[in-house]
Amino acid sequence: MTNEQKELVRGTVPILREHGVALTTYFYNRMLTHNPELRNVFNSANQHTGAQPTALAMSVLAYAENIDNPTVLAHAVNRIANKHVSLDIRPEQYAIVGKHLLASISEVLGEAASAELIEAWGLAYNQLAGIMIGVEADLYSSAAQKEGGWSGWRPFVVKHKVKESEEITSFYLYPSDGGKVADFLPGQYITVRLYVPELKVFQPRQYSLSAAPNGDFYRISIKKEHGNSTRPEGYVSNLMHNKVQQGGVIEVAPPSGDFTFDPTKTNPVVFVSGGVGLTPFICMLESTIASGKNRHITWIHGSRSYAVHAFKNVVRELGARHGKMKIHTFYDTIENDLEDDFYEGYVDLEKIQDAINPDTDYYICGPGEFIKKHYHYLLDQNVDKDRIHFEEFGPAVLVV
């Protein structure tokens, strides 16, 4: 790209800041109207709530702001590439996206979208697509070359369903071909894909792996999403709970994700979770104990109540086995007499001051506002941001 073309792209930054979501919403509607087969790729709930258009708008904005040096977005690119691989996004689909993105820019901006601007954005998009395709090719190759690895979708049998709470059930998945499953890093997820009759399309969903690598099976623990006034009932979670029975077969993509954990480290670690956000931490905890490292662990979890609190006994058993683990539990309302280290109300790190230490690594998982609250609290306590790791369940967002 020439300097003049980069300047044209940068010139759209104010428009993207103010109208980016409107543009990306128009883009998705246009693309899915002309290419309805892509409805099998995108999460319909995230389209309904606007989470997916918002994520794309932030991505496009960040790319335009950093058009001179897109390498500063390497971490975010890697996170999005992992999500794309988990959805089996392939290079040829980038051409479809590019076509509709440029058309949307032209149609939404109208006379402001000069031929020179569209050409500049076309070059910018192709540059970004080339970066993404290269990163994703490496991820696909790595996943396929592992022992027990594969690329794309593979059928798995649900051998066991175990109820963990009133809302969360664990599914034990074994390859239908009888082969091994690839190892993964604690904190990663797999994607399952089910046909949703109401939508007449397949729907993919990512679920954190909730058991340590073992070579034989994967475990995922899924919350049944009932929906509310702002978000529809979870199509896939309800199918998994209500329709998929023991012995049923589902399609699964290989482990993916960059929210990962090194169980061989020895410095203190703090896990902070809300609701079903504890699932990747169960895997991390099991992996730490299996490593034999004498690492001090602080487990902080928030749940609405005792009844919906999953893995409560498992965590206490693992903590007792480890011997250097403190457990702090927050319930919105405490209805019964409970043991020490239970608090009424939302998770509040101010009540656990001994968890704030300069050498500690922090892992946060839960809803977006939950993560934001605790991330900024830790920064205010002078915790180095490189020691704070987080995962929000939802679309990947490209940020600096």
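Coordinate-derived values only; no laboratory data. These numbers were taken from a predicted model, which means no experiment stands behind them. Counting neighbours? That spans all protein chains shown, and the Cβs are built from the backbone with ideal geometry, glycine included.
Just a few scattered comments:
- Folded to 0 to 90 degrees: helix 279-291 orientation relative to the chain principal axis, Cα: 60
- Look at the alpha carbon pairs under 8 Å that are at least 6 residues apart: their mean separation over the length of segment 154-256 gives a relative contact order of 37 percent.
- A Förster distance of 60 Å, applied to the separation of the beta-carbon atoms of N78 and E335, puts the FRET efficiency at 0.85.
- Tilt relative to the chain, helix 51-65 - C-alpha long axis, 0 to 90 degrees, to 10: 60
- Nearest-ten-degree value, helix 13-34 long axis tilted from longest Cα axis of the chain: 90
- Working from Cα pairs under 8 Å separated by at least six residues, relative contact order for the chain is 17 percent.
- Listed values for segment 373-378 are Karplus-derived 3J(HN,Hα) couplings in whole Hz (6.51 cos²θ - 1.76 cosθ + 1.60, θ = phi - 60°), namely 4, 7, 4, 6, 4, 5, and x replaces Gly and Pro.
- Residues of type lysines that K372 reaches as a straight line, Cα spacing below 29 Å, ignoring anything fewer than 8 places off in the same chain: K83, K223, K224, K265, K312, K324, K326, K351, K385
- Shape box of segment 17-128 [Cα atoms, principal axes, largest first, Å]: 34, 32, 27
- Helix-only [θ]222 nm of the chain, DSSP H runs n ≥ 4, -39500 (n - 2.57) each, per residue, nearest 500: -13000 deg cm²/dmol
- Nonlocal amide H pairs with V196, under 5 Å, H built at 1.01 Å: V201, F202, Q203
- For K159, K83, order by how many other beta-carbon atoms lie within 10 Å, fewest first: K159, K83
- Shape category assigned to the chain from the gyration tensor of Cα positions, a/c cut at 1.5: prolate
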